[in-house]
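A.B. asks: Let me begin by handing over the structure; questions about it come next.
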Amino acid sequence: MTAVNAAPAATVVAWRRRWLSVGAVVVAAHLLLAVFVPLLPLQSPTAQDATAVLQGMSRAHWLGTDDLGRDVLSRTLWGGRPSIGIAFGAALLAALLGVLIGTAAALAGGWLDDVLMRVNDVLLALPSLLVLMLVASFIGRQPVVLMVTLAVMYAPPIARLVRGATLGVLGRDFVVAARLRGARSAEIVTREVLPNIRGVVITEVAMQFSWILLAFSSLSFLGLGTAPPTPEWGLMVAGARTYITVNALPLVAPMVMLASLVLAVNSLIDRSALEDHP
Amino acid sequence: MTAPAIEVHGLTIAPRGTGASSAVLRDIHLEVAPGTRLGVVGESGSGKSTLLRALVGACGRGLCVVAGSARTAGHDLFAMAEAERRALLGTAVALVPQSIGLSLTPHLTVEAHFRDVGAVDRVVPLLDEVGLRGEAMRGRYPHELSGGEQQRVLLALGLARDPAVLLLDEPTSALDVGVADGILRMLDDTQRRRGLTLVVVSHDLGVIERVATRVVVMRGGEIVEDAPVEQVTSAPAHPYTQALLAAAPSLGRRHRRRAAVPTPVERGDVLVRAEGLTVVRSSAEAGRARRGQWRSTTALDQVSIDVRRGEILGVIGESGSGKSTLLKTMCGMLASTAGTLRLADGTDLTTPLRRRPVHLLRRLQMVLQNPDDSLNPAHSVRRILQAGTTLDEAATIDLLETVELGATMLDRRPAQLSGGEKQRVAIARALAREPEVLLLDEVTSALDVTVQAAVLDTLLDLHERTGTTMVFVSHDLAVVGSIADRIAVLRNGRLVELGDADTVLASPADEYTASLVALARR
Amino acid sequence: MTGYVLRRAALSIGVFVAMAVLTYLGIAALPGDACTALLGKFATAGKLAQCRAEHGLDAPVLQRLGDWMLGLLRGDLGYSVKRSAPVSELIAPRIRNALLLAGVASLLAFPAAIAVGLATGRREQSKVSRAVDSTALVAMTLPEFVTASVLWLVLSVWLPILPAVTVVSSDDSLLDLLPNVWLPAITLAVLVFAHVMRSMRASVSATSRRPFADAARLRGVPERAVVRRHILPASLPPTVNVVAVTAAWLLTGTFVVEVVFNYPGLGRLAVDAIADRDTDLILALTLLGLGVFIVASFLADTVIRLLDPRVRAGVGRA
């Protein structure tokens, strides 16, 4: 069948590769910007200027100013740091949790599997934004608190996928062959299972990264994430809504940044890799 | 003279956007008179299924007709609009697909399938005609039918609108010999009664011999031989047909290498002994879990059998006979319920896999049925062979050579190997641990006949050189008969016969063995 | 089937009660309560103790849990300290508004999503099909407040077709509310459409590749019947689940969109209640969300059971 499908498959690959490169450049640009923005010759993102509020584009302020006279360009470029940093950390932590729990559940089976998966189901059923709001309101909105909460809320889908994929591999004959030569469970996971599920796990983690980014910026938008005056895209959009009829730039600029990042991350994700592991 | 039922002229089918050089079917010419019984035989990749589909005007995904034409029952199906062609399917010509891939719609009852083709009022007589109890079957869902029953339902659906031409794709593959025999008989009756033009595609020349009067042999997208069936089997003209015939295992003809070995078997001492071995499996373990229903089946029932040093013990049985269970219990993958299982030195073999020390594991190594599944796709051949051993590069190459592969294989991954090469690597992996007993579970069943013959050759060579004890399990009596010194016959978990291969094949003591032998001789 | 429905309903009630207890204990375990929130920086030890005594917050947690559960059985959802009103009075008009919003969004999204998913899933490789899929992916992955803000900017600021921000209060008549429902409903419909359509498309294209669809075509079954009788019923189960989850979300999870458009539904009430740490109100809203989710998945499982005889027989799902 591979030979039969060669022609359409080739175009799919080419099509995907094109987007892959555009997406990769955009994601890389965002990451570099988040790391190196303090080095750029920008105006202070928090300095207020009561004499220049809600200005349009000008030489002094390329993207104008907001209602407190802060430079929109500077705030927009700084605005990705909190979300990208927290989402990155939370996604890595979620990946670690998900792989540990997923492989443990698959390998152990029995009651441990049942308990882990029921807890997983409960976490999956909870609306993550609601939990985030509760945590932020009652415990606090410190980055570490939010990062850990996000990791816990977004690890379950990774754990479920890892468990399913691991079970799939464990059922295959080459694992039987490994057991017949006396391989122990730890060796089976690292040697036989992980190399075969690496692709789907990376894809799933990338997808969860984009959901975490969305959740965190939504939390900021609702006023429970990053605290003002720190520039953050969700927060900027929320603040800019009140004077949208006077100046739309402070609303549009952070939206373009956030949208470009999320779409670029998603263009990198090869969703077809996940289709075999619903 | 009446018009031919099938008329194919210069048909060439290739992947879209490529030239005739990569054609899947190349310049096919075929003329079939009404009422003919035609068999098409070939190995995987021969284009036989593509040809069958072309006879209903379908190309398959990503393929297109490059040249030539095909007329079936007087219609040029390729030239028609889709709706017009669809209207002729089932009425002028019907294609019955393989049943192994779930060709019945899972959420529809048997009867509902007939509603689609406007034959709901004739469900019962049609099902009766294909040998099913129509009244009992009509309300069932596909998952409630056995493989043979599904195949019969598919056939009844094909016959529902009285087509003049009936095309069948591998009608008996994946079915037990007894079931397959019933289907072939029924097919024979139906063809005679209805005067159908019948085209049967199969990888198994034995099946074709039973149903066809004329055979087309295909290879690499071309027809290499087209002749009456007696002529093909007695005096094949094309070298490939000759090779195919030579490779096909057949009773009464020991494997050629085997026949050449002068000393038959050196009767060794007992290496593994099972006494009253019983294995009860819950249905969940067997992969058929039903919620709230814990049924258990006795997979092995009081089996007493011994494996002698240096012999090849063949184990034969249909699906569910317990033949795989026997191997899996020996190597610890399944736990036994009662009885004893010991090595000659008294080592107990009923300990489960996870609790067996490595040195015991090494003594019994198993090769599994499906070569696509038994090699880790992420690893190179070198890594697969060296895992858990102290083999150096030279020893690894030596090992590859014992299974007739070379050093060039070392850095390949399983996806870059053919089916036969994969199975050889799997055998080499088992040999790498220098086992006392090599357990072979249907190791040639997934392979084409010529590849199967080559792998059997390799195993026999190996046996001659090293004298490794082997237990060879298969559903195919002809294959077992061509390689084994002694044969054990299992049925529903019980050992019904055990004896020298020649004796068992020539004068079976058990009735069931006799029926298997009779079926294999056809 | 009746037996299954009864068993499944009993299980759902059990899960609901267990989750209610967990939620209560979880929120009780969080630092801060209605009194600290109410008094804010004016809180002194004395005032806090007085406030807690007044609202029965000084009792042991298990006793409060028991009282709360007994209250639930009588239909008493608790009392909002911050808003000085019984919770049920605060929630009732919001439920009506949420139903209106969810209803409009569902009507806009679900039928279209299933139809488009079916049509594009059958021709997965065609250009139109892939373009539709990519567009839906974009709609799905953008944050709700971005989609909402864009629609708002376009439909009410640049081309003033629809009123922007709701100014009606939560208990005005539905007729007064109707003009304000469109923007949030369209925003939600876009998101829901994208999710359901992609699920349906993936499911249809997977089903179309299964051998039974091919076999039906080979039997000469007309294409319409192949789609209607063979492909569609086999493709629906995964989509039924997605529809159930998104419908539950539409009713109780639309925090961001309601805040953007200031729509007086359950989501905005929840955001306000959480910001105020209004525990009784938060509890009631959480339980409502949970209840809706459980009912939705119960309905989805029942529908799937009707669609697939193998699930009915308990085969293939260990």
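The values are calculated or read from the model by the stated rules, or taken from the named source; none is laboratory data. This one's a predicted model, so the numbers in the text were calculated from it and none came from an experiment. Cβ atoms come from the backbone with ideal geometry, glycine included; neighbour counts cover every protein chain shown. Side chains included, ligands, DNA and RNA excluded: accessible areas come from the protein's heavy atoms. Shrake-Rupley method; radii C 1.70, N 1.55, O 1.52, S 1.80 Å.
Results for (1) under 16 Å from residue A:133 (Cα atoms); (2) facing another protein chain (nearest Cβ under 7 Å); (3) in contact with a helix residue (DSSP H, G or I) (Cβ under 7 Å, 6 or more places away or on another chain); (4) open to solvent by 30 Å² or more (accessible area, probe 1.4 Å), shown as yes or no for each residue.
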{"position": "C:238", "(1), (2), (3), (4)": "no, no, yes, yes"}
{"position": "C:256", "(1), (2), (3), (4)": "yes, yes, yes, no"}
{"position": "C:295", "(1), (2), (3), (4)": "no, no, no, yes"}
{"position": "C:300", "(1), (2), (3), (4)": "no, no, yes, no"}
{"position": "C:303", "(1), (2), (3), (4)": "no, no, yes, yes"}
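A.B. asks: Further, regarding this structure: Residues that are within 14 Å of chain C (Cβ to nearest Cβ), at positive phi and open to solvent by 50 Å² or more (accessible area, probe 1.4 Å): does segment B:168-187 have at least one?
C.D. replies: yes
A.B. asks: Next question. So which residues in segment B:401-444 are farther than 26 Å from residue B:484 by Cβ and either of a type in the set (A, V, I, L, M, F, W, C) or buried (at least 19 other Cβ atoms within 10 Å of the Cβ) (or both)?
C.D. replies: Listed by number, the residues that qualify are B:407, B:409, B:410, B:414, B:415, B:417.
A.B. asks: Any residue at all in segment C:138-161 that's in contact with a Gly (Cβ under 9 Å, 6 or more places away or on another chain), in contact (Cβ under 8 Å) with a residue 24 or more places away in the chain and either polar (S, T, N, Q) or away from chain A (no Cβ under 14 Å) (or both)?
C.D. replies: Checking segment C:138-161: not a single residue is in contact with a Gly (Cβ under 9 Å, 6 or more places away or on another chain), in contact (Cβ under 8 Å) with a residue 24 or more places away in the chain and either polar (S, T, N, Q) or away from chain A (no Cβ under 14 Å) (or both).
A.B. asks: For segment B:103-128, which residues satisfy the criterion of being polar (S, T, N, Q) and open to solvent by less than 10 Å² (accessible area, probe 1.4 Å)?
C.D. replies: Step one: of segment B:103-128, the residues polar (S, T, N, Q) are B:103, B:105, B:109.
Scanning segment B:103-128 gives B:103, B:105.
A.B. asks: What about residue A:201, is it more than 9 Å from every other protein chain (Cβ to nearest Cβ), touching a helix residue (DSSP H, G or I) at 6+ places or on another chain (Cβ under 8 Å) and either part of a helix (DSSP H, G or I) or at pLDDT 90 or above (or both)? Lay out the reasoning, then the answer.
C.D. replies: Details: more than 9 Å from every other protein chain (Cβ to nearest Cβ): yes; touching a helix residue (DSSP H, G or I) at 6+ places or on another chain (Cβ under 8 Å): yes; either part of a helix (DSSP H, G or I) or at pLDDT 90 or above (or both): yes.
Considered against the rule, which asks whether it is more than 9 Å from every other protein chain (Cβ to nearest Cβ), touching a helix residue (DSSP H, G or I) at 6+ places or on another chain (Cβ under 8 Å) and either part of a helix (DSSP H, G or I) or at pLDDT 90 or above (or both), residue A:201 comes out as yes.
A.B. asks: May I ask you to list the residues in segment A:244-271 that are more than 7 Å from every other protein chain (Cβ to nearest Cβ), open to solvent by less than 20 Å² (accessible area, probe 1.4 Å), out of contact with any Phe, Trp or Tyr (no Cβ under 7 Å at 6 or more places or on another chain) and in a helix (DSSP H, G or I)?
C.D. replies: The answer is A:250, A:253, A:261, A:264.
A.B. asks: I've got another one for you. Out of the residues in segment B:7-53 that are small (Gly, Ala, Ser) and part of a strand (DSSP E or B), state the one that is nearest to the other protein chains (Cβ to nearest Cβ). Quick ask: steps written out before the conclusion?
C.D. replies: We begin by selecting, within segment B:7-53, every residue small (Gly, Ala, Ser); these are B:10, B:14, B:17, B:19-23, B:33, B:35, B:39, B:42, B:44-47, B:49.
Still in the running and part of a strand (DSSP E or B): B:10, B:14, B:39.
On the way: B:10: 21, B:14: 10, B:39: 20 Å.
Per the stated criteria, the residue is B:14.
A.B. asks: Among all residue pairs at least 6 apart or on different chains, which show Cβ distances below 6 Å where the first residue, located in segment B:177-189, is without any contact (Cβ under 8 Å) to a residue 24 or more places away in the chain and within 18 Å of residue B:166 (Cα to Cα) and the second is of a type in the set (Asp, Glu) and open to solvent by 20 Å² or more (accessible area, probe 1.4 Å)?
C.D. replies: Within 6 Å, no pair qualifies.
A.B. asks: Let me ask something else. Considering only residues of segment B:72-95 that are touching a residue at least 24 places away in the same chain (Cβ under 8 Å) and within 8 Å of chain C (Cβ to nearest Cβ), which is most open to solvent (accessible area, probe 1.4 Å)?
C.D. replies: Step by step, filter segment B:72-95, then rank; the result is B:91.
A.B. asks: I've got another one for you. Counting only residues that are free of Cβ contacts under 8 Å to residues at least 40 places away in the same chain and within 9 Å of chain A (Cβ to nearest Cβ), which one in segment B:362-382 is nearest to residue A:181 (Cα to Cα)? It would help to see each step written out before you state the result.
C.D. replies: Just the residues of segment B:362-382 that are free of Cβ contacts under 8 Å to residues at least 40 places away in the same chain, to begin with: B:373, B:376-380, B:382.
Remaining after also requiring within 9 Å of chain A (Cβ to nearest Cβ): B:373, B:376-379.
Values: B:373: 17, B:376: 14, B:377: 18, B:378: 18, B:379: 16 Å.
The extreme case among them is B:376.
A.B. asks: Here is a list: A:181, A:163. Which entry is over 27 Å from residue A:268 (Cβ atoms) and touching a Gly at 6+ places or on another chain (Cβ under 7 Å)? If you could, list the steps in order and put the result at the bottom.
C.D. replies: Numbers: A:163 fails: over 27 Å from residue A:268 (Cβ atoms).
Only one candidate qualifies: A:181.
A.B. asks: Only one of these is under 19 Å from the mean Cα position of the chain (by Cα), closer than 21 Å to residue C:271 by Cβ, among the aliphatic types (A, V, I, L, M) and assigned to a helix (DSSP H, G or I): A:134, A:150. Name it. It would help to see each step written out before you state the result.
C.D. replies: Numbers: A:134 fails: under 19 Å from the mean Cα position of the chain (by Cα).
Being under 19 Å from the mean Cα position of the chain (by Cα), closer than 21 Å to residue C:271 by Cβ, among the aliphatic types (A, V, I, L, M) and assigned to a helix (DSSP H, G or I) holds for just one of A:134, A:150, which is A:150.
A.B. asks: Also, quick follow-up: Determine, yes or no, whether residue B:212 is under 22 Å from the mean Cα position of the chain (by Cα) and surrounded by 19 or more Cβ atoms within 10 Å (Cβ to Cβ). I'd like the intermediate steps shown before the answer.
C.D. replies: Numbers: under 22 Å from the mean Cα position of the chain (by Cα): yes; surrounded by 19 or more Cβ atoms within 10 Å (Cβ to Cβ): yes.
For residue B:212, the condition - under 22 Å from the mean Cα position of the chain (by Cα) and surrounded by 19 or more Cβ atoms within 10 Å (Cβ to Cβ) - is met.
A.B. asks: Quick check on my filter: what residues within segment B:371-396 are of a type outside the set (Ser, Thr, Tyr), open to solvent by 40 Å² or more (accessible area, probe 1.4 Å) and farther than 13 Å from residue B:425 by Cβ? Please lay out each step first, then the result.
C.D. replies: Going through segment B:371-396, the residues of a type outside the set (Ser, Thr, Tyr) turn out to be B:371-373, B:375-379, B:381-388, B:391-395.
Among the residues that remain, those that are also open to solvent by 40 Å² or more (accessible area, probe 1.4 Å) are: B:372, B:377, B:382-383, B:386, B:388, B:391-394.
If the condition is that a residue be of a type outside the set (Ser, Thr, Tyr), open to solvent by 40 Å² or more (accessible area, probe 1.4 Å) and farther than 13 Å from residue B:425 by Cβ, then B:388, B:391, B:392, B:393, B:394 are the ones that fit.
A.B. asks: Separate question: Any idea how many residues of segment B:1-46 are over 30 Å from the mean Cα position of the chain (by Cα) and surrounded by fewer than 19 Cβ atoms within 10 Å (Cβ to Cβ)?
C.D. replies: Of the residues in that region, 15 qualify.
A.B. asks: What number goes with the only condition from (1) at pLDDT below 90; (2) within 24 Å of the chain's Cα centre (by Cα) that residue B:480 does not pass?
C.D. replies: That leaves (1) as the condition not met.
A.B. asks: Which of the residues belonging to segment B:346-369 are closer than 19 Å to residue B:419 by Cα and open to solvent by 60 Å² or more (accessible area, probe 1.4 Å)? If you could, list the steps in order and put the result at the bottom.
C.D. replies: Looking only at segment B:346-369, we keep the residues that are closer than 19 Å to residue B:419 by Cα, and these are B:366-369.
Once the filter is applied, which keeps residues that are closer than 19 Å to residue B:419 by Cα and open to solvent by 60 Å² or more (accessible area, probe 1.4 Å), segment B:346-369 yields only B:369.
A.B. asks: Can you run down the residue pairs with Cβ atoms below 8 Å, 6 or more apart or on separate chains, where the first is in segment B:334-360 and under 16 Å from residue B:300 (Cβ atoms) and within 13 Å of another protein chain (Cβ to nearest Cβ) and the partner is assigned to a strand (DSSP E or B) and small (Gly, Ala, Ser)?
C.D. replies: Correct list of pairs: B:334/B:299.
A.B. asks: Also, I was wondering about something else. Could you list, ordered by first residue, the pairs with Cβ atoms under 7 Å in which the first is in segment A:161-183 and within 11 Å of chain B (Cβ to nearest Cβ) and the second is of a type in the set (Val, Ile, Thr) and open to solvent by 40 Å² or more (accessible area, probe 1.4 Å), at least 6 apart or interchain?
C.D. replies: Between residues of segment A:161-183 that are within 11 Å of chain B (Cβ to nearest Cβ) and residues that are of a type in the set (Val, Ile, Thr) and open to solvent by 40 Å² or more (accessible area, probe 1.4 Å), the close pairs are A:182/B:358.
A.B. asks: Further question: Between A:92, A:63, which is more than 30 Å from residue C:32 (Cα to Cα) and either modelled with pLDDT of 90 or more or open to solvent by less than 30 Å² (accessible area, probe 1.4 Å) (or both)? If you could, list the steps in order and put the result at the bottom.
C.D. replies: Details: A:63 fails: either modelled with pLDDT of 90 or more or open to solvent by less than 30 Å² (accessible area, probe 1.4 Å) (or both).
Going through A:92, A:63 in turn, the sole match is A:92.
A.B. asks: Quick check, is residue C:176 acidic (Asp, Glu), farther than 17 Å from residue C:245 by Cβ and either exposed (fewer than 14 other Cβ atoms within 10 Å of the Cβ) or under 18 Å from the mean Cα position of the chain (by Cα) (or both)?
C.D. replies: In short, yes.
A.B. asks: Of all the residues that make up segment C:184-227, how many are within 14 Å of chain B (Cβ to nearest Cβ), within 22 Å of residue C:134 (Cβ to Cβ) and open to solvent by 10 Å² or more (accessible area, probe 1.4 Å)?
C.D. replies: Number satisfying all stated conditions: 4.
A.B. asks: Quick test for you: out of C:272, C:280, pick the one residue that is of a type in the set (Asp, Glu), without any contact (Cβ under 8 Å) to a residue 60 or more places away in the chain and either more than 14 Å from chain B (Cβ to nearest Cβ) or outside any helix (DSSP H, G or I) (or both). Talk me through it step by step, then tell me what you get.
C.D. replies: On the way: C:280 fails: without any contact (Cβ under 8 Å) to a residue 60 or more places away in the chain.
Exactly one of C:272, C:280 is of a type in the set (Asp, Glu), without any contact (Cβ under 8 Å) to a residue 60 or more places away in the chain and either more than 14 Å from chain B (Cβ to nearest Cβ) or outside any helix (DSSP H, G or I) (or both), namely C:272.
A.B. asks: Another question, then. Just give me the residues in segment B:129-142 being open to solvent by less than 40 Å² (accessible area, probe 1.4 Å), touching a residue at least 24 places away in the same chain (Cβ under 8 Å) and more than 26 Å from residue B:86 (Cβ to Cβ), in sequence order.
C.D. replies: B:132, B:137
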